[in-house]
1. Which of the residues belonging to region 282-299 are within 20 Å of residue 233 (Cα to Cα) and part of a loop (DSSP other than H, G, I, E, B)?
2. Being farther than 21 Å from residue 62 by Cβ and crowded, with 16+ Cβ neighbours inside 10 Å is the filter here; which residues of region 120-147 pass it?
3. Looking only at region 37-56, which residues are more than 25 Å from the chain's Cα centre (by Cα) and surrounded by 24 or more Cβ atoms within 10 Å (Cβ to Cβ)?
4. Does region 317-324 contain at least one residue that is without any contact (Cβ under 8 Å) to a residue 40 or more places away in the chain, touching a strand residue (DSSP E or B) at 6+ places or on another chain (Cβ under 6 Å), part of a loop (DSSP other than H, G, I, E, B) and crowded, with 22+ Cβ neighbours inside 10 Å?
5. Is there a residue being under 21 Å from residue 29 (Cα atoms) and either surrounded by fewer than 19 Cβ atoms within 10 Å (Cβ to Cβ) or touching a residue at least 40 places away in the same chain (Cβ under 8 Å) (or both) anywhere in region 158-175?
6. Check off (1) over 26 Å from residue 396 (Cβ atoms); (2) in a helix (DSSP H, G or I) for residue 153 and give me the number that stays unchecked.
7. Taking region 374-391, which residues are surrounded by fewer than 20 Cβ atoms within 10 Å (Cβ to Cβ) and touching a strand residue (DSSP E or B) at 6+ places or on another chain (Cβ under 8 Å)?
C-alpha cells in the first residue's frame, strides 16, 4: 500500500495517456513516472534520506505532483505549504516543522529569502523550480529507473497543514497506508477511477482537493489543474474536455450557479460533483441539481480526520440537511462533554475512529493529546444521528451561541436565511449583549441588484424559527471574510464587527 506504486503501475498500463495538465504543459503517465524517478534519484544524490522532511511551496502545477510522488518513492516526508504565505508566515511554519529541504516555485523564492532574515533557516537547503523543468539542475544526469529505497507503508507520506480559522496551522501526519486508504475510500464511495477526467481549482495544499487529486493519479485518470478558481473557466473546461469529476467547496458552487443564471454550458458529462468544506444549504443544493448536475456527493471531512460521512445523490430528496452516513471504514459516535454516547436525536460532539485520520500532529504532542483520546479523534463539531443512521452537523462547538442560557446552533439559522431569494451569503454569530449575554447577529451579503432590509429578513426568520433562534440584529456587507478553502471565517468576521463596534464607541 504505497502511493508511488500506483504511479509506477499506471506508467506501465497507460504510458501514453495524459496524466495531468496545467497551464504550462501536459504530461503522460510514462513521462510523469520517469520525471518522478529522476527527481527522486536527484533528491537522494543531494542527501535526502528516508524520513527527511521536504517542504514544497508549489501551487496547482504538475511539479507539485512530481515532488509528492518523488518523496513518496524514497520514504521522505512531503510538507506542502501555502504559496500565498508571506515571509513571516513562511518563517514561522518552516522553523516549527524543520524540513531539511524546501522546493519553491519561482514567485516564492524572494519570500523565502525574506523569511531567512526573520528566522535562522540556514540548515534548510532551498531548491527553485526552473523554466527548463530541471529543478535548477537537480534532474540533470539522473536515471529514470525506480529509486533503490525500501519504503514501508508505515513510513510517513506527508504533513498536511490544517486550514482552520484560528491560531497556528497544525501539521497532520499521514502515512503511506493512510493516503492509499484515502484513494480507496474515494473509489468506493464516489467511484473514482481511471475513467475520470477531473478538475482541481482549489489549492492543492489544502484538504478540499488534495485527496481526490492524488487519487486520480493513483488510479490512472486525467487531472486538470487550475491555479485559481474561476467559475466560468471551470464551466468552459467541463464542456470542452467532457470532465467527469469536479471537487468544490460550497462558495465555488454558488459562484458557478451565478454564472449559469446568464450563460449555459453543457455539464452533462459530470458524473460526480464532490462538495466538501462546509454545509450546502438546501436552496443551493436544489439549484445545483437543476442547473449543474444531479450527481452531487457531499462529504463531511477535515484534514485531521479525512472523510467521515457522505451524502450521495439519492439522499438529497429526503435528507437534504444531512451530512449523510458514515463512510465504509469509519466509526462515528456522538458524545457528551464527559465523552459518553448520547441518545439518537440528541446533539453532542462528533468523534471518529478511522484509518483515514491523521496519526497525530507533527512535532506537536500537546495538540495531539488535546484532540485524541483512547484512539478517538474529537472533531470539535456538534451533531446528531437520526433514526435512519444519517448524521446531521449542527455546527462547530466554538460557534455555538449561548443566549439567555439556551444553546443555539448558528448553522440551523443560516440554513433558513439561505432560503431567501435575495441572499447570496450569510453568517450568524454571537455578539455581547447586556440582557442575553450573547445575542444572535445575522451578517448578510445580498445578490447583485437585490433590495432587502433588516426588518424584512427578520420577518422572514420569525415565520420559520422559534423566537429565541431569530437574530436580534441584521447587518449587510459587501463581502464576508473567507478561509483559503472558501469557508466563511466567522472568527475573523466577529473580530471585525467587535472592533468596529468598539471604535464607534
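The values are calculated or read from the model by the stated rules, or taken from the named source; none is laboratory data. Since the model is a prediction, treat every value here as computed from it, not as a measurement. Every residue, glycine as well, gets a Cβ built from its backbone with ideal geometry; the counts of neighbours run over all protein chains shown.
1. 292, 293
2. The answer is 121, 124.
3. 37, 39, 40, 43
4. Taking every residue of region 317-324 in turn, none turns out to be without any contact (Cβ under 8 Å) to a residue 40 or more places away in the chain, touching a strand residue (DSSP E or B) at 6+ places or on another chain (Cβ under 6 Å), part of a loop (DSSP other than H, G, I, E, B) and crowded, with 22+ Cβ neighbours inside 10 Å.
5. no
6. Evaluating residue 153 over (1) over 26 Å from residue 396 (Cβ atoms); (2) in a helix (DSSP H, G or I) leaves (2) as the failure.
7. Scanning region 374-391 gives 375, 376, 378, 380, 384, 386, 389, 390.
Results for (1) within 30 Å of residue 340 (Cα to Cα); (2) over 23 Å from the mean Cα position of the chain (by Cα), shown as yes or no for each residue.
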position	(1), (2)
390	yes, no
435	no, yes
438	yes, yes
445	no, yes
460	no, yes
475	no, yes
483	no, no
